[in-house]
Every structure is written in structure tokens, then in C-alpha cells.
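S.K.: One structure follows; several queries about it will come next.
The values are calculated or read from the model by the stated rules, or taken from the named source; none is laboratory data. All figures in this text were calculated on a predicted structure; none of them were measured in a lab. For neighbour counting, all protein chains shown are included, and Cβ atoms are generated from backbone atoms with ideal geometry for every residue, glycine included.
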Amino acid sequence: MILQALHDYYQRKQRSDDPKDRLPAFGLEEKEIPFVIEIDREGTVVNLSDTRSGDGKKKAGQRFLVPQGVKKTSGIAANLLWDNAEYVLEIPDAKKLEAKRAKGEEEDYLSRLQEMRAEFVKQIDGLPDEARADPGLTAVRAFLVAGDLSFLEQQSAWNDILATNPILTFRLHGDVELVCQRPAVTAAAEGSGEEEDGPAGTCLLTGVTAPIERLHPAIKGVWGAQTSGANIVSFNCRAFESYGKTQRQGENAPIGKPAVFAYTTALNHLLAKDSRQRVQVGDASTVFWAEQPHDLEMMAADLFGEPPKDQPDRGTDALKALYQSIESGKFAMGGTDTRFHVLGLAPNAARISIRFWETAPAYELAQRLKRHFDDIQIARSAYDSEHLSLFRLLTAVAVQGKADNIPPNLGGDIMRAILEDLPYPATLLNAAVQRCRAEQRVTHARAAALKAWLNRDIRRPNRHKPNPEKEFAVMLDPDNADAAYRMGRLFAVLEKIQEEANPGINATIRDRYYGAASSSPATVFPLLLKLAGHHIGKLDEKGRRMLYRAFSDHKPDDYIGQVLSQVRDIPRQLRLPEQGRFALGYYHQRQAFFTK
């Protein structure tokens with residue numbers, strides 16, 4: 001069903017009225033090409049065009065429509081009129097050459113370069129006679145025969161070519177299009193897939209008889225996978241093959257060549273660097289699309305992803321648009337019943353694993369997204385963003401706040417919970433509580449994660465309790481009688497008293513006692529309450545006025561009694577969910593102190 005939905009998306013893009021919105025036709029693909037060699041009609045180099053933009057290592061080449069590349073393996077396989085510098089210019093990759101030289105394999109590598117160049121020429125010679133008669137192809141053929149690199153060696157970009165082994169292609173001087181984009185070449189490329197030898201069969205996606213693709217093109221852009229790409233459909237062991245189809249790879253999942261091209265082109269388009277329909281969720285590269293053009297396609301990625309620096313309000317704007325769509329019951333573009341698809345992909349060696357897959361009507365999915373943002377909504381300071389992206393939520397519970405330290409599978413599990421309206425994974429609660437204890441700090445994102453987890457746990461269908469439990473509010477709830485929540489509030493009150501009694505203090509009771517207070521309150525709070533008595537006695541008039549205002553005109557010691565009024569005994573131990581309630585109570589109380 002996933003491949004069929006991607007195939008349908010490709011067909012939808014091809015039906016677009018805007019030519020710029022269409023995906024490459026069968027036999028073509030988009031490729032980032034950093035350097036273009038410009039030659040005259042005699043095959044002499046007249047310019048080396050650098051198409052890269054950006055700074056430093058982030059430089060990216062311009063994307064061009066070129067004949068579809070062959071599937072690269074350990075053998076020699078060249079693309080038509082574009083490839084890396086080893087194939088096009090027969091020059092060694094600097095890093096490879098150094099490694100081969102260290103192993104004593106330099107001669108073998110240089111000999112292999114000659115074979116690669118010969119294979120590149122062979123691809124051109126294999127074109128039909130009418131294509132090879134094209135002036136552009138004649139010029140490229142003349143350049144390859146002459147092999148004169150003296151002009152290129154004088155260019156400032158030559159060292160970059162030697163070091164990085166980039167993709168290269170050709171253009172006739174004075175032309176706008178590349179040689180591989182000339183009509184004679186594209187016509188030959190578009191028809192090449194149909195002419196290849198291969199068994200015919202019934203395509204699983206389209207139901208029509210077509211040549212079956214043996215090796216599916218690689219999927220690129222999945223974070224953590226091989227840079228050369230990885231596969232969703234592939235067979236490399238006898239255990240995975242059908243009876244009678246051993247060593248015949250793609251025949252075990254018979255999909256026609258045009259259908260394979262369609263689904264791989266669509267998915268590579270969605271996963272592209274500049275795609276507005278992809279977002280990184282932990283280790284899961286997530287893409288969104290609909291059966292028809294729809295608001296939710298762009299909205300979903302903006303909701304979950306981190307907004308770009310030059311558009312910091314993009315996430316907040318998407319959040320407002322989501323709520324408006326739910327309230328009005330309609331979208332600016334697209335219907336409420338339009339099927340919407342979400343696909344999460346994770347790396348697995350040379351293959352790609354499906355982390356999650358969800359398809360639902362757009363309005364139903366929008367409601368689930370809204371419930372997620374309702375759940376994570378919590379009181380915040382003025383410098384905390386109204387929009388809390390999933391990336392910030394995940395990094396907040398990761399060690400040192402680094403994306404590389406996000407617990408495995410956590411991002412995919414959270415996304416699945418959002419899309420299917422399920423309880424959040426227990427690993428989210430554990431990670432948030434552990435980070436609060438390790439750093440003695442309850443941040444906005446961690447408090448939001450804890451509130452969301454606890455409320456969904458309270459709403460769990462199979463949760464059996466005689467008295468329905470009250471969900472946690474966005475702001476401080478003075479009527480919430482939960483013991484762990486109240487102990488967290490009390491800890492915040494005692495810390496505030498200490499701060500007012502000792503202005504400018506560097507370290508508070510939070511830095512020393514938070515971990516013990518949140519797990520074993522009975523062993524810590526008697527000491528903290530005794531210390532609070534000394535702190536209250538040290539308060540000056542300014543400090544008392546601050547506390548009176550913060551404590552709703554109660555005296556500090558009266559306020560302590562008010563927080564403890566519905567707590568029979570200070571708990572001896574708090575389990576993990578109760579530690580989450582403690583952290584939430586502490587956060588709510590701290591926010592209340594600074595809320596006008």
C-alpha cells in the first residue's frame with residue numbers, strides 16, 4: 001500500500017498544470033551537479049562552470065534534469081553523459097588514491113580508472129545513430145578521445161575536483177541546456193527503460209503486464225543511511241526469496257519498470273534537502289503527502305519541524321492555521337475527506353526500515369495533531385516559543401540536548417502515538433524524568449512532555465480506577481490534591497523563600513536536593529522545612545512583600561500549610577510517573593511566581 005500511494009503521488013504530480021511542479025518523466029531524474037564542463041563544437045574546453053552556492057562545507061550544486069542513473073555496485077557502471085570525475089575525466093579520487101597507495105594497490109586503481117572511462121564512452125556509443133549524430137554528443141565524444149585536461153588543471157576549482165570527486169557533465173558553449181538535456185538524448189533516455197531485456201509479468205502496483213524491474217533504484221535522503229542510497233525493496237538471501245525465483249531479486253516482488261521509477265522518484269522528491277514535506281523525527285526521516293493538493297502537506301512539516309532561522313514564526317503560523325481549520329471544519333486548499341499519508345523511514349544498513357505508516361482522512365488526522373499540541377501546551381515564559389516542535393521536545397530529553405543522543409526509536413514511537421492518538425511511550429516519561437533529575441532543571445519542553453504523557457496516561461481506555469482522575473491543567477492548579485504534584489509545588493515554594501531570603505544566591509536547594517526530593521520526599525522535606533523556618537526569619541520587608549504578592553497575600557508559613565493541607569503524609573518513595581507529577585508541580589509553581 002505504501003508503494004501504491006507513492007505511485008499515485010507521482011501520477012498526481014505529473015498531472016499538474018504547472019510544468020515546474022511535475023516530476024521527471026520515465027528515464028530521467030534530478031541530480032545535483034556541482035561542475036559543468038563547457039566545450040565548443042570541436043570538443044575543446046572553453047570554461048568550467050561552478051554551479052555551487054552556499055558557504056564552506058555547506059556548498060550545494062544546482063539540480064539538473066538528467067538521464068536516470070544506473071544502480072551503482074562494486075562493479076563498474078557508468079551513467080549517460082554525467083558521472084563523477086573518475087568516470088568523466090579518468091582522474092583519481094585523492095582519498096582513494098592515498099588509501100590504495102598505502103595498501104600497495106595504486107597500479108590496480110589506476111588501471112581501473114581506464115576501465116571506468118571506457119565504460120563512460122561505451123554508454124554514449126550505445127545510443128541510437130540519430131542521437132549520436134547530435135552536435136553536442138559529437139563534441140563530447142571528441143573531448144573524450146582527445147583527453148586534454150590542460151585547461152581544466154588551470155582552473156581554481158581543479159583542487160576541489162581532485163579532492164571531492166564530484167559529479168560532472170557537459171554543455172555546449174553558448175547553450176542553456178546541458179548536452180544530456182538535448183532532445184535527441186532525452187528521447188533516447190525516456191525510451192531506454194522499455195527496451196531493456198527482462199521478464200514480463202503482472203505489476204503488483206498497476207495490475208498491468210510490464211517488464212519487471214530486477215534492481216530498484218536507491219532511495220536517498222534518509223538520515224543515517226548510506227550516502228549512495230538504500231533500498232526499500234531488495235532481496236539478498238535465499239531465505240527471503242520465493243520458490244523458483246532464487247537469484248532473481250526483483251522477481252520476488254514483481255513491479256514493472258515504470259511503476260518502480262514512479263514510486264522511487266516520488267519518494268526521492270519528498271526526501272530531498274529542500275523539500276517542504278519532510279521532517280526529521282529522531283532517527284526517522286518522515287514525509288507527508290496527500291492524494292490531492294492539500295494545506296496539510298506543508299502544514300504538517302512546519303508543525304513538527306524546527307523553523308528556519310530566517311522564518312522563525314513559520315511553526316507558530318502553521319499551529320494557528322491548524323486550529324483555525326479544526327474550528328471552521330474546512331481547509332483553505334483540499335477537502336476534509338482527502339486521504340493523507342505519513343511515512344517514517346529509518347536506516348538499517350544498506351536497506352531502509354519502515355518505522356511507521358499512517359493513512360487517514362485529512363480532517364481526522366488534523367484533529368489528532370491538534371490533540372497532541374493541546375497535550376503539550378503548558379504555561380511558559382515570554383522567551384519560550386508558542387510553538388514547540390517535535391525536534392525540541394526530543395532534544396530536551398536527550399543527554400546534553402544533542403540530537404545524536406535522542407533515545408533510539410523514541411521519535412518514531414512518539415510520532416506513531418500522535419498519528420494514531422495513542423498513549424505516549426514510557427521511554428518519553430523515563431527520559432524526561434531522568435534529564436530533570438540529572439540537570440536539576442525542569443525546562444519548558446520537559447514539563448510539556450511530562451504533562452502530555454501524564455494526561456494521555458490518565459485518558460488511557462484500559463486504565464481502571466474507581467474515581468476518575470483529573471487531568472493536569474496548562475497552568476498551576478491549586479485544587480489538584482495529588483500528593484506528588486503538591487510535593488513538587490512545596491519544593492518550589494521552599495526554593496522561592498530561600499531566594500528571597502538570600503538575594504543573589506548562586507545555588508539553591510534545587511541544585512543539591514532536587515533528585516532526592518523527587519524520589520524520596522520523606523527523607524528530605526523535614527530538613528528542608530526546618531531550613532525554611534530559618535529563611536523566613538531572615539526575610540526583610542522587601543522580601544516579605546515579594547512573597548506576599550507571590551503567595552496571594554498569604555504569609556510564607558501559611559502558604560506552606562496551604563500546599564500541605566491535602567497531604568496526609570509526606571510520601572516515602574515516588575514511582576516514575578509520580579516523579580513526573582513532582583516535576584510538573586514544581587514547574588507550575590515556579591511559573592506561577594512570575595506570572596502577573
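S.K.: List pairs: first in segment 357-382 and without any contact (Cβ under 8 Å) to a residue 40 or more places away in the chain, second of a type in the set (D, E, K, R), Cβ under 6 Å, 6+ apart or cross-chain?
M.R.: Matching pairs, first to second residue: 361/337.
S.K.: Then there's this: Hey, among the residues in segment 26-47 that are modelled with pLDDT of 85 or more and not in a strand (DSSP E or B), which one's nearest to residue 71 (Cα to Cα)?
M.R.: Selected residue: 26.
S.K.: Continuing with this model, one more query. Could you run through segment 112-163 and say how many residues are touching a strand residue (DSSP E or B) at 6+ places or on another chain (Cβ under 6 Å) and among the polar types (S, T, N, Q)?
M.R.: Final tally of qualifying residues: 1.
S.K.: Just give me the residues in segment 13-26 being buried (at least 17 other Cβ atoms within 10 Å of the Cβ) and farther than 17 Å from residue 63 by Cβ, in sequence order.
M.R.: 26 - this is the single residue of segment 13-26 that is buried (at least 17 other Cβ atoms within 10 Å of the Cβ) and farther than 17 Å from residue 63 by Cβ.
S.K.: Keeping to segment 396-416, report how many residues are touching a residue at least 40 places away in the same chain (Cβ under 8 Å) and within 15 Å of residue 450 (Cα to Cα).
M.R.: The number of residues fulfilling the criteria is 4.
S.K.: I've got another one for you. Consider segment 27-60. How many of its residues are over 17 Å from residue 149 (Cα atoms) and exposed (fewer than 12 other Cβ atoms within 10 Å of the Cβ)?
M.R.: So the count comes out to 6.
S.K.: Sort out which residues of segment 208-223 are part of a loop (DSSP other than H, G, I, E, B), modelled with pLDDT of 85 or more and either more than 30 Å from the chain's Cα centre (by Cα) or not β-branched (Val, Ile, Thr) (or both), and write them in order of number.
M.R.: Listed by number, the residues that qualify are 208, 213, 216, 217, 218, 220, 221, 223.
S.K.: With respect to the numbered conditions (1) in the same structural domain as residue 6 (by TED's automatic domain parsing); (2) modelled with pLDDT under 85; (3) β-branched (Val, Ile, Thr), which one is the sole condition not fulfilled by residue 186?
M.R.: Going through the list (1) in the same structural domain as residue 6 (by TED's automatic domain parsing); (2) modelled with pLDDT under 85; (3) β-branched (Val, Ile, Thr), residue 186 breaks only (1).
S.K.: Is it true that residue 392 is within 29 Å of residue 225 (Cβ to Cβ) and among the charged types (D, E, K, R)?
M.R.: In short, yes.
S.K.: For segment 316-335, check the following and say yes or no: at least one residue is among the hydroxyl-bearing types (Ser, Thr, Tyr), surrounded by fewer than 21 Cβ atoms within 10 Å (Cβ to Cβ), within 24 Å of residue 13 (Cβ to Cβ) and out of contact with any Leu (no Cβ under 9 Å at 6 or more places or on another chain).
M.R.: Keep residues of segment 316-335 that are among the hydroxyl-bearing types (Ser, Thr, Tyr), which gives 316, 323, 325, 328.
With surrounded by fewer than 21 Cβ atoms within 10 Å (Cβ to Cβ) added as a condition, the list becomes 316, 323, 328.
The next check asks that each one be within 24 Å of residue 13 (Cβ to Cβ); those that pass are none.
No, there is no match, as no residue in segment 316-335 is among the hydroxyl-bearing types (Ser, Thr, Tyr), surrounded by fewer than 21 Cβ atoms within 10 Å (Cβ to Cβ), within 24 Å of residue 13 (Cβ to Cβ) and out of contact with any Leu (no Cβ under 9 Å at 6 or more places or on another chain).
S.K.: Test residue 374 against the criterion of being part of a helix (DSSP H, G or I) and either surrounded by fewer than 18 Cβ atoms within 10 Å (Cβ to Cβ) or over 20 Å from the mean Cα position of the chain (by Cα) (or both), and give yes or no. Let's see the steps before the verdict.
M.R.: On the way: part of a helix (DSSP H, G or I): yes; either surrounded by fewer than 18 Cβ atoms within 10 Å (Cβ to Cβ) or over 20 Å from the mean Cα position of the chain (by Cα) (or both): yes.
In short, yes.
S.K.: List pairs: first residue in segment 17-34 and farther than 15 Å from residue 80 by Cα, second residue outside any strand (DSSP E or B) and among the aliphatic types (A, V, I, L, M) anywhere in the structure, Cβ distance under 7 angstrom, at least six positions apart or on different chains.
M.R.: Final answer for the pair search is 23/266.
S.K.: Kindly establish whether residue 205 is touching a Gly at 6+ places or on another chain (Cβ under 7 Å), in a loop (DSSP other than H, G, I, E, B), of a type in the set (A, V, I, L, M, F, W, C) and at pLDDT below 90.
M.R.: no
S.K.: What helices (runs of 4 or more DSSP H), lying completely within segment 477-596, carry at least 2 residues that are modelled with pLDDT of 85 or more?
M.R.: On the way: elements: 483-501, 509-519, 521-538, 541-550, 556-564, 576-593.
Fully inside segment 477-596 and qualifying: 483-501, 509-519, 521-538, 576-593.
S.K.: Could you tell me how many of the residues in segment 273-322 are in contact (Cβ under 8 Å) with a residue 60 or more places away in the chain and within 21 Å of residue 404 (Cα to Cα)?
M.R.: Looking only at that region, the number is 13.
S.K.: List every residue pair whose Cβ atoms sit under 6 Å apart, with the two residues 6 or more apart in sequence or on different chains, where the first one lies in segment 159-181 and is of a type outside the set (Phe, Trp, Tyr) and the second, anywhere, is assigned to a loop (DSSP other than H, G, I, E, B).
M.R.: Once the first residue is of a type outside the set (Phe, Trp, Tyr) and sits in segment 159-181, its partners that are assigned to a loop (DSSP other than H, G, I, E, B) give 165/93; 166/34; 169/178; 171/178; 173/40; 179/81; 180/81.
S.K.: Evaluate segment 436-444: report whether one residue or more is touching a residue at least 12 places away in the same chain (Cβ under 8 Å), buried (at least 22 other Cβ atoms within 10 Å of the Cβ), on the phi < 0 side of the Ramachandran plot and under 21 Å from the mean Cα position of the chain (by Cα).
M.R.: The answer is no, given that none of the residues of segment 436-444 is touching a residue at least 12 places away in the same chain (Cβ under 8 Å), buried (at least 22 other Cβ atoms within 10 Å of the Cβ), on the phi < 0 side of the Ramachandran plot and under 21 Å from the mean Cα position of the chain (by Cα).
S.K.: Please tell me if residue 302 is more than 30 Å from residue 585 (Cα to Cα), surrounded by 21 or more Cβ atoms within 10 Å (Cβ to Cβ) and assigned by TED's automatic domain parsing to the domain that holds residue 398. Talk me through it step by step, then tell me what you get.
M.R.: Numbers: more than 30 Å from residue 585 (Cα to Cα): yes; surrounded by 21 or more Cβ atoms within 10 Å (Cβ to Cβ): yes; assigned by TED's automatic domain parsing to the domain that holds residue 398: yes.
Taking the combined requirement at face value, the residue satisfies it.
S.K.: Out of 448, 484, I need the residue that is under 34 Å from the mean Cα position of the chain (by Cα), buried (at least 21 other Cβ atoms within 10 Å of the Cβ) and within 18 Å of residue 589 (Cα to Cα). Which one?
M.R.: Sole residue among the options that is under 34 Å from the mean Cα position of the chain (by Cα), buried (at least 21 other Cβ atoms within 10 Å of the Cβ) and within 18 Å of residue 589 (Cα to Cα): 448.
S.K.: Give the residues of segment 315-348 that are of a type in the set (D, E, K, R) and either at pLDDT below 90 or over 25 Å from residue 393 (Cβ atoms) (or both), sorted by residue number.
M.R.: Applying the first criterion (of a type in the set (D, E, K, R)) to segment 315-348 yields 317, 320, 327, 330, 337, 339.
Answer for segment 315-348, where residues must be of a type in the set (D, E, K, R) and either at pLDDT below 90 or over 25 Å from residue 393 (Cβ atoms) (or both): 330, 337, 339.
S.K.: While we're here: Among the residues of segment 261-276, are any surrounded by 23 or more Cβ atoms within 10 Å (Cβ to Cβ), among the aliphatic types (A, V, I, L, M) and out of contact with any strand residue (DSSP E or B) (no Cβ under 9 Å at 6 or more places or on another chain)?
M.R.: Checked against the condition, which is being surrounded by 23 or more Cβ atoms within 10 Å (Cβ to Cβ), among the aliphatic types (A, V, I, L, M) and out of contact with any strand residue (DSSP E or B) (no Cβ under 9 Å at 6 or more places or on another chain), segment 261-276 yields at least one hit.
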